[in-house]
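These notes are about the structure you will find just below.
Only the coordinates and a few stated rules stand behind these numbers; no lab work does. Values in this document were obtained by computation on a predicted structure and should not be read as measured data. Because the Cβ atoms are built from the backbone with ideal geometry, glycine has one as well, and the counts that use them run over all protein chains shown.
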Amino acid sequence: MALTSSVLHRSKLPDVGTTIFSVIGQLSAQHNAINLSQGAPNFPCDATLIDGVTRAMQQGHNQYAPMTGHQALKEVLAEKVATLYGQSYDVASEILITGSASEGIYAAIAGLVHPGDEVIFFEPAFDSYAPIIRLQGATPIALKLQLPNFTINWDALRAAITGRTRMIIINTPHNPSAQVLSHGDLVQLAAITRHTDIVVLSDEVYEHILFDGRQHHGMATSPELAQRSVIISSFGKTFHVTGWRVGYCLAPAALMEEVVKVHQFMMFAADTPMQVALADYLHIAEHYLSLSRFYQQKRDLLKQWLQDSPFRALPSAGSFFMLISYADFSDEPDNDMVRRLIVDHGVATIPLSAFYTDGTDNKLLRLSFAKDESTLQAGAQALCRVRPR
């Protein structure tokens, strides 16, 4: 039914349309393309988790969980974080189970950012950051990571901070560049934010996927930064259950209080049977400590299978993504390259320009290797058949 003049509305996000992920997904489906674009596994999760959810449902865990999360899940999370990162979080006031990491990010920004504030983040970036900031009446300030290694320019960050800076968003391991922060990066961030009221929102959904012996340098590994940080992570990314939409948030009590105020009106509580099953599953540390080995094998296979392609693979230090460059053989826009790969070669990727608010095009595409080996091999073979135009 068409809107009449009496109900015309003014959009809060007039320049935001369908995400690139949906557009590429639809085009891929039309051409039955091999999916190396979506950051979601195409292989099953551990059957133990399915059994755990089934058992939880059968045992009657089908009503609302406590607003901040299932107690047993919060307790095992506190133990995990203390063991891995050395930071203690109070189960009652500093841990929140969220309906996805995305909900946690939204609740943190909405709860802590006010109209007129500025929020600094680094591009290329996950596409939800800037719209969420704008919805709070705040101003997103995008700083570009330095190529070729996608590192933070700390001098540029210092110069960007003003009296209106309320939050800095960090993402490590980084989507889409697949790079990670170092201990030295945390030292720099701590020095820049010291004696300020700036909150760090740290998106750490790939915290357990780092390669070549690297350690995760999240905000909980720095006692100073932990005191000003809201940390977001994801059970979906960790345990190959992205459709369950369960994540978690860690923060000092004073910050968490504001995040919870928003969470209670968005979700009230995350899904109960999933929380019960995850609480049991987390007691076996190998379930998450084995992820780096698992995904490194996939990364290495994809890199090996791409050796005969015209594309140049960039280093992948963490996450389940890899960037490939086509700058050596084509100057066509990355959106056109992605469309050509889908239509002519039957393989779907993501243009890196989609992760920049200004559409910066560095002739790079993002691949996901969260796929079974047959999909990775078929996708690599399709990319090897690409020829310069």
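Taking 0.36 nm per intervening residue step and subtracting the Cα-Cα distance, what contour gain separates residue 389 from residue 328 on full extension?
The span from residue 389 to residue 328 would gain 20.7 nm if fully extended.
Quick check: residue separation of residue 307 and residue 92 times 0.36 nm, minus the Cα distance between them. What number comes out in nm?
Length difference between fully extended and current span is 72.3 nm.
Which FRET efficiency value, to the nearest 0.05, do you get for residue 374 and residue 158 by plugging their Cβ-Cβ distance into 1/(1 + (r/R0)^6) with R0 = 51 Å?
Computed FRET efficiency for residue 374 and residue 158 comes out at 0.60.
Listed here are the pairs 144/237; 12/261; 80/363; 80/303; 12/144; which of them are more than 29 Å apart at the Cα?
Listed pairs above 29 Å: 80/363; 80/303.
Under a point spin-label approximation (7 Å from Cα along Cα-to-Cβ), what is the residue 83-residue 300 distance to one decimal in nm?
Label at residue 83, label at residue 300, 2.6 nm between them.
Rank 374, 326, 315 by how far each Cα sits towards the positive end of the charge dipole of the range 311-376 (+1 on Lys, Arg Cβ; -1 on Asp, Glu Cβ) and give me just the farthest.
374
Restricting attention to the range 250-320, which chymotrypsin sites (Phe, Trp or Tyr not before Pro) occupy a DSSP loop and are surrounded by at most 14 other Cβ atoms within 10 Å?
268
Based on alpha-carbon atoms only, what is the radius of gyration of the chain relative to the globular estimate 2.2 N^0.38 Å?
Expressed relative to 2.2 N^0.38 Å, the Cα Rg reads 0.99.
Using only DSSP helix segments of four residues or longer, with each worth -39500 (n - 2.57), what per-residue ellipticity at 222 nm results for the chain after dividing by its residue count and rounding to 500?
For the chain, the value works out to -11500 deg cm²/dmol.
Given points 7 Å out from each Cα along the Cα-Cβ axis, report the residue 183 to residue 31 separation in nanometres with one decimal.
4.7 nm
Hey, can you grab everything whose amide H is under 5 Å from the amide H of residue 248? Only 5+ residues off in sequence or another chain; H modelled, so Pro and N-termini drop out.
Result for residue 248 returns 98, 233, 234, 235.
Give me the dipole magnitude in Debye, nearest 20, for the range 49-284 about the Cα centre, with unit charges on the beta carbon: positive for Lys and Arg, negative for Asp and Glu.
Once rounded to the nearest 20, the dipole reads 240 debye.
Compare the Cα positions of 221, 145, 98 along the charge dipole of the chain (+1 at Cβ of Lys, Arg; -1 at Cβ of Asp, Glu; about the Cα centre) and return the one farthest towards the positive end.
The Cα lying farthest towards the positive end belongs to 145.
Can you give the net charge of the other residues whose Cβ lies under 9 Å from the Cβ of residue 324, counting K and R as +1 and D and E as -1?
Neighbour charge sum, excluding residue 324 itself: +2.
Loop only by DSSP, 16 or fewer other Cβ within 10 Å of the Cβ. Give me the trypsin sites (Lys or Arg not before Pro) in the range 1-100 that pass, ordered by residue number.
Answer by residue number: 10, 12.
Stretched out fully, how many nm does the piece from residue 264 to residue 215 gain, at 0.36 nm a residue minus the Cα gap?
14.2 nm
Between residue 59 and residue 19, what is the label-point separation in nm under the 7 Å Cα-to-beta-carbon projection?
3.3 nm
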